[in-house]
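The block underneath contains the structure these notes are about, expressed in structure tokens.
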Amino acid sequence: MTPPVTVLMPVYNGAAYLQPSMESVLTQTFSDFELLIIDDGSTDESESIYSAIAAVDSRVRYFKKPNGGIASALNKGLELARGEFIARTDSDDIMLPERLARQLAFLRSNPHFGFCASAMEVIDEHGQVKAVFRPVPASKDELDTLLRKRAIITFTHPTVMMRRKLAIELNGYLTTFEPCEDTDLFCRMIGTGAPGIALPDVLMQYRMHRGSISGRRAFRQIYISELVRTNLYRMIEGKPALMPAEWDRAMERRPFFVRLRSSASMLSGALRQTARYDYVSGYQVKSKAKIATAMVLRPFATLKALTRKALGGTGGRAQLPTSRWD
């Protein structure tokens, strides 16, 4: 019989954390699911790990493809998935036991919602909890407030459960929007009238480690996220979306000092973002240096991030067991 949920896990050289990640899926309180692994051309021991587990648990399926990037792997997963709902997770994250049950219950009870995320614990490479992050919007009212402010709206991808049919109708993940392919998809869902929120329940452990993100990727992520934000409100206003090439040309046409200020803002954001990973990984000096540089570039925005967001995303609330950056 077709399971109602497909847990979609892309894998690329994920051997270091793959086994505990898979075990956290297979020990969920809700058991009627399939775990679909899309191996995006791994060259490490990943295949031997997931194939051994698949041999003893029929809920595990896997497909290996040449390396093509995260969006390509996820689209293959949407194509092969059998579940009505897609629960995303990554090969280095941990699902807490009630995750599938809680999110599935919410989406079944709220058919007008396209997806939902959740609160999460932030863990380091050793599995130690470094923070509890409760993102917003946590309700439809909070989402509407953000939309009125024309805010950037983001969700932590591995915490999301969504409706597979809706994702396919919207053409899935767009490779041209990497590394914001997930935010782009969720904003297109919201823009077409299928909103999403982050449940207040802590349902995931999200692993931060130095291999997770690079400064260059963080800069590009912030650059494309502004395009995604622009497209969300263009969609709401009935205007066509801009593609990255069009966005690049529009950004290049701006006056020099406007481009300079924008670059400083994005660099400050990239430094803050990578500083989070340094902080969780125990590289305190490097983290502080990045925050200091970000403060020079954008003092108000950096201070706001430190006092209101800490390790979070869009307007999120983080609770840290230790001091934030000092």
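The values are calculated or read from the model by the stated rules, or taken from the named source; none is laboratory data. Everything numeric in this text was worked out from a predicted model, so none of it was measured. With ideal geometry, Cβ positions are generated from the backbone for all residues, glycine too; neighbour counts draw on all protein chains shown.
Please indicate, with yes or no, whether at least one residue in region 157-172 is within 30 Å of Ile49 (Cα to Cα), out of contact with any strand residue (DSSP E or B) (no Cβ under 9 Å at 6 or more places or on another chain), surrounded by 18 or more Cβ atoms within 10 Å (Cβ to Cβ) and not acidic (Asp, Glu). Yes, the conditions are met somewhere in region 157-172.
For region 76-86, taking the residues that are assigned to a helix (DSSP H, G or I) and not basic (Lys, Arg), the one that is surrounded by the fewest Cβ atoms within 10 Å (Cβ to Cβ) is identified as Glu79.
The rows are residues; the columns are (1) part of a strand (DSSP E or B); (2) farther than 27 Å from Ser24 by Cβ; (3) at pLDDT below 95.
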| site | (1), (2), (3) |
| --- | --- |
| Gln103 | no, no, no |
| Leu107 | no, no, no |
| Met120 | yes, no, no |
| Glu125 | no, no, yes |
| Asp141 | no, yes, no |
| Leu185 | no, no, no |
| Arg188 | no, yes, no |
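Step by step: first the residues of region 276-289, then only those that are surrounded by 14 or more Cβ atoms within 10 Å (Cβ to Cβ) and without any contact (Cβ under 8 Å) to a residue 40 or more places away in the chain, then the one that is farthest from Val122 (Cα to Cα). Which residue is that? Looking at residues that are surrounded by 14 or more Cβ atoms within 10 Å (Cβ to Cβ) and without any contact (Cβ under 8 Å) to a residue 40 or more places away in the chain, I get Ala289. Across region 110-138, the qualifying residues are those that are among the small types (Gly, Ala, Ser) and more than 22 Å from Leu8 (Cα to Cα), and the one among them that is surrounded by the fewest Cβ atoms within 10 Å (Cβ to Cβ) is Ala138.
So which residues in region 1-20 are among the polar types (S, T, N, Q), touching an Asp or Glu at 6+ places or on another chain (Cβ under 6 Å) and within 11 Å of Glu34 (Cβ to Cβ), if there are any at all?
Answer for region 1-20, where residues must be among the polar types (S, T, N, Q), touching an Asp or Glu at 6+ places or on another chain (Cβ under 6 Å) and within 11 Å of Glu34 (Cβ to Cβ): just Thr6.
Confirm whether Thr159 is modelled with pLDDT of 95 or more and either touching a Gly at 6+ places or on another chain (Cβ under 6 Å) or farther than 15 Å from Arg207 by Cα (or both). When the stated conditions are applied, Thr159 does not pass them. Tell me whether region 110-119 contains one or more residues that are farther than 14 Å from Ala194 by Cα, touching a residue at least 60 places away in the same chain (Cβ under 8 Å) and out of contact with any Gly (no Cβ under 8 Å at 6 or more places or on another chain). The answer is yes; a qualifying residue exists. Could you look through region 193-227, keep only residues that are over 13 Å from the mean Cα position of the chain (by Cα) and of a type in the set (Ser, Thr, Tyr), and pick out the one that is modelled with the highest pLDDT? Per the criteria, the residue is Tyr223. Residue count for region 235-270, restricted to those that are part of a helix (DSSP H, G or I), more than 26 Å from Leu303 (Cα to Cα) and small (Gly, Ala, Ser): 2. I'd like to verify a number: residues in region 1-26 that are in a loop (DSSP other than H, G, I, E, B), within 19 Å of Arg163 (Cα to Cα) and at pLDDT 95 or above, how many? So the count comes out to 2. In region 295-312, the residues that are under 17 Å from Val280 (Cα atoms) reach residues that are part of a helix (DSSP H, G or I) and modelled with pLDDT of 65 or more with C-beta atoms within less than 6 angstrom, at least six apart or across chains, in these pairs: Ala305/Arg272; Leu311/Arg276. Evaluated against (1) more than 26 Å from Thr6 (Cβ to Cβ); (2) in a loop (DSSP other than H, G, I, E, B); (3) in contact (Cβ under 8 Å) with a residue 12 or more places away in the chain, Phe155 falls short on exactly one condition, (1). Surrounded by fewer than 16 Cβ atoms within 10 Å (Cβ to Cβ), assigned to a helix (DSSP H, G or I) and at pLDDT 95 or above: which single residue out of Ala55, Ala73 fits that description? Just one listed residue meets the conditions, Ala55. Scan region 176-198 and give yes if some residue there is surrounded by fewer than 21 Cβ atoms within 10 Å (Cβ to Cβ), among the charged types (D, E, K, R) and outside the structural domain of Ser139 (by TED's automatic domain parsing), otherwise no. Among the residues of region 176-198, not one is surrounded by fewer than 21 Cβ atoms within 10 Å (Cβ to Cβ), among the charged types (D, E, K, R) and outside the structural domain of Ser139 (by TED's automatic domain parsing), which makes the answer no. Evaluated against (1) among the basic types (Lys, Arg); (2) farther than 21 Å from Ser31 by Cα; (3) surrounded by 22 or more Cβ atoms within 10 Å (Cβ to Cβ), Arg99 falls short on exactly one condition, (2). If only residues of region 11-52 that are surrounded by 15 or more Cβ atoms within 10 Å (Cβ to Cβ) and acidic (Asp, Glu) are counted, the one that is farthest from Leu78 (Cα to Cα) is Glu47.
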